[in-house]
Structure formats: C-alpha cells, structure tokens
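Quick notes on the structure that follows.
Just so it is clear, none of the values below were taken in a lab; they were calculated from the coordinates. Please read these numbers as outputs of a predicted model, since none were measured by experiment. Every residue, glycine as well, gets a Cβ built from its backbone with ideal geometry; the counts of neighbours run over all protein chains shown.
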Amino acid sequence: LHPVGIIGTGKYVPERILTNQELEQMVDTNDEWIVTRTGIKERRLAADEEATSDLALIASLKAIEAAGLTAEDIDLIIVATITPDMFFPSTACLLQDKLGAKKAAAFDLSAACSGFIYGLATGSGMIASGMYKHVLVVGAETLSRITDYTDRNTCILFGDGAGAVVLGQVEEGRGFLSFELGADGSGGDLLKVHGGGSRVPATEESIQSKQHYIYMAGNDVFKFAVRIMGSAAEDALQKAGITKDEIDLLVPHQANIRIIQSALNRLNLSEDKAMINLDKYGNMSAASIPVALAEAVEQGRVNEGDCVVLVGFGGGLTWGGSVLIW
Ligand code: ACO
C-alpha cells in the first residue's frame, strides 16, 4: 500500500455574517444563552445566487493550487454534503464541470457531519490501492436553505461554507495512519430532514408542516456526541498505535464548544491543542472539519511531522475519526 496524505487544503465561507444579535430579532433567544450553551457568536449565510457547488468551487480551487496541481490532475472528486444543489446530477458532477476537471470521476457522499471523514477514508483507500493518484475531497454545505429561522432550537446552530483537500501519495512515515468509521441507523430519527425524498415527496402539506427543514432532538444528539467524539478518537488512535500525549492538534467537528471540551477532557488535551472556530462559523456539517483544517494550515498551526487527529459525528447517526502525520 502507498502512504497517502493531504497535499493541499482550501476553504471558502460566504461574506454575509449572521450574528447572535440579529437572531435575537428573529426568535426568542439571546446572545448570552447562545454563547454559553454553544460557543457560537456568528455564522455565515450564502448569498441568494450561491449554492453548495459554488462554495465548493472556491475551496477546491484553493486546495488544488496549494497542492501545486491543476484541475486536470484530479482523478476523482468526492463531495460530502447534505445540501446538494439538487437531487441529481450530483454536486460532485456540477463541481467537476465548473473546475474543468475533465479526467475526474465524481460522486456525492451522504454521511451528514461525518461525511468529510468518510470521504477521506474512501479517497485515500483508492489512492493506497493504486487506483488513483489524486483525489479531491470536499465538505460543502448551504445549511441555511434547510434551516427553519423560526425554530430557536436549530437556527442558532447552523452556517454555510466549504472546505476541500487534495489527497495524494506522500513519503513513508507521513499521511493517514488510521480511520475509524461508524454508524447507528437506529438513531436516524434524532437528526433529519424528513421530507423531499421518496418517503415524503414535496407537497403543499409537507411544506406547510415544515418537513423540508432540519429536525433535531438536541439533547439526545448532545449525549450521543459527547460519548462518541471521545471514543471515535480513542479507537482511531489505538488503530494507529499513537498515544494521547503524542497528539499535536485535534480538529473536531464544530457543533458545540461543550461537546469539544468533553472530548478534550477524555483525551487529556488542553484547549490550545484543539482547532476551534465555531464561534465564527457555527456548525457547517460536512464543511466544519475541512474548514477548520484549512484555517489551522493558514495559521501555521500544523507543521510537517505533526500528529493530527480529526474526529466528527452527525446525522445517521454516523461518526468518524482519523489519525495522520502531517
Ligand atoms: N435561546 C434561548 N433558549 C433556548 C434556545 C435558544 N436558542 N434553544 C432552546 N432554549 C431553551 C429550551 O427551550 C429549554 O428551555 P426549558 O428548560 O424552559 O424547556 C432550555 O433552553 C434548555 O434547553 P436544552 O435543549 O436542554 O439546552 P441544551 O443545553 O441541551 O442546548 C443545544 C441545546 C445547544 C441544541 C444542545 O443540545 C446541542 O448542542 N445539541 C447537539 C446539537 C448538535 O450537535 N447537532 C449536530 C448536528 S450535526 C448534523 O448532522 C447537521
């Protein structure tokens, strides 16, 4: 097997900022509640003309440039998203066309907030096997399009954005050491968009009863998240043969600062060992981890030889962890 790693990162968030103060005007909430319960201060909203593939395009161009490649060097595009531009064609195909990545195969991957780590596992496996040389993995979301801005339980949490990485062969001793993926479909009802699929197609009634918006049983998801973030990271570390004290940077899914803090406790890590940017962007589902990773790179927080742990959870229910040497 060839060692596989991340050879370029990129991110894009829309310009429009939605602050907690603005949300106070929209629903019965307040800045203090949102900050203490979630850690979120503001999030980004896509412009009317922007859809997921548009956000993905900018992040991808940056990642491809950072890798020193052109779009024609990409063999496969995987877009992890729960907010595709449309049912089909896939957002990955729309992105392939926008990029001019003529040689690339393309598909979307549905694993909610864990989608990016699922995508890394899929893409790196294809490179390790010798099937492909360069795989573009994108996490991109316009969650604002499926968020009910009259529901204070959910609308304070979510934001729009995109992060991308290029995967390729790296030298021995670097790259991915392990992946830990999991799912528990019995928890599917805790976090979902019920309408719009083959079970409940779009009708006037499904729209009126708000079935095309995110439904979330916040407390149950919270308990699951606290348990799984620590265990997914520990399982990935064990598979990699790495101990907790060897971690240089944890890049967790950015859902709630309290969930991240409980993962840090379990891993005996101080907060400065975690990349945290949910205060600026909220929860961007599949985009959260790649945006946080790209920012960590921009800020010089990841250096060659560092041990980086990625960990996330989300709808499905799903979870994923990965350990890599940068
Ligand atoms: N402003 C003010 N009060 C609020 C708000 C709000 N925005 N939202 C809820 N409340 C109230 C509740 O009504 C409740 O009032 P009550 O006690 O009178 O009934 C009180 O605050 C406490 O509510 P809880 O739900 O117990 O608050 P909690 O501390 O659990 O925080 C939260 C809620 C932030 C949603 C938390 O449960 C959470 O983060 N859950 C996980 C969410 C998550 O990670 N989702 C992942 C999505 S990933 C994906 O796949 C898209």
Give, in whole angstrom and from largest to smallest, the semi-axes √(5λ) of the equivalent ellipsoid of region 1-149, with λ running over the eigenvalues of the Cα gyration tensor.
-> 32, 16, 14
Rounded to the nearest 5, what % of the DSSP beta bridges within the chain are antiparallel ones?
-> 70 percent
Short to long, in 5 Å steps from zero, the percent of alpha-carbon pairs of region 72-225 per bin is 2, 8, 15, 18, 18, 14, 11, 8, 4, 1, 0, 0
Report the far tail of the P(r) of region 177-326, meaning the percent of Cα-Cα pairs longer than 22 Å.
-> 43 percent
Membrane-span-like helices in the chain: DSSP H runs reaching 30 Å or more (Cα, own axis), mean Kyte hydropathy at least -0.5?
-> 218-240
Give the Debye-formula value of log10 I(q)/I(0) at each listed q (0.17 Å⁻¹), with one equal scatterer per alpha carbon of region 221-268, two decimals each.
-> -0.46
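Region 163-211: Rg/Rh from Cα coordinates, Kirkwood Rh?
With Rg and the Kirkwood Rh in hand, the quotient comes to 1.29.
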What Kirkwood hydrodynamic radius, in Å, does the chain give when the mean of 1/r is taken over all pairs of distinct Cα atoms and then inverted?
-> 19.5 Å
GluC sites (Glu not before Pro) restricted to region 280-326 and DSSP loop, no more than 14 other C-beta within 10 Å = GLU304
Of the listed pairs LYS223/LYS280; LYS62/LYS223; LYS11/LYS223, which have alpha-carbon separations greater than 32 Å here?
-> LYS62/LYS223
For region 88-118 and region 1-54, write down the distance between their C-alpha centroids in whole Å.
-> 21 Å
Can you give the net charge of the other residues whose Cβ lies under 12 Å from the Cβ of LEU45, counting K and R as +1 and D and E as -1?
-> -3
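Using helices alone, what [θ] at 222 nm do you get for the chain, with -39,500 (n - 2.57) per DSSP H run of 4 or more residues, divided over all residues and rounded to the nearest 500?
Here the helix-only value at 222 nm equals -10000 deg cm²/dmol.
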Average the reciprocal distances over every distinct pair of alpha-carbons in region 1-87, invert the result, and give the Kirkwood radius in Å.
-> 16.0 Å
Over the chain, what is the relative contact order in whole percent, taking alpha-carbon pairs under 8 Å and six or more residues apart?
-> 26 percent
Plugging the Kirkwood radius over Cα pairs into Stokes-Einstein for region 22-68, at a temperature of 20 °C and a viscosity of 1.002 mPa s, what D comes out in µm²/s?
-> 158 µm²/s
When only Cα pairs under 8 Å and 6 or more residues apart are kept, what is the percent relative contact order across region 118-254?
-> 22 percent
Considering only DSSP states other than H, G, I, E and B, which trypsin sites (Lys or Arg not before Pro) in region 198-244 qualify as loop sites with at most 13 other Cβ atoms within 10 Å?
-> ARG199
Mean shadow area of region 148-250, taken as a quarter of the surface of its Cα convex hull (nm²) = 10.0 nm²
If you take the alpha carbon radius of gyration of region 286-326 and divide it by 2.2 N^0.38 Å, what ratio comes out, to two decimals?
-> 1.28
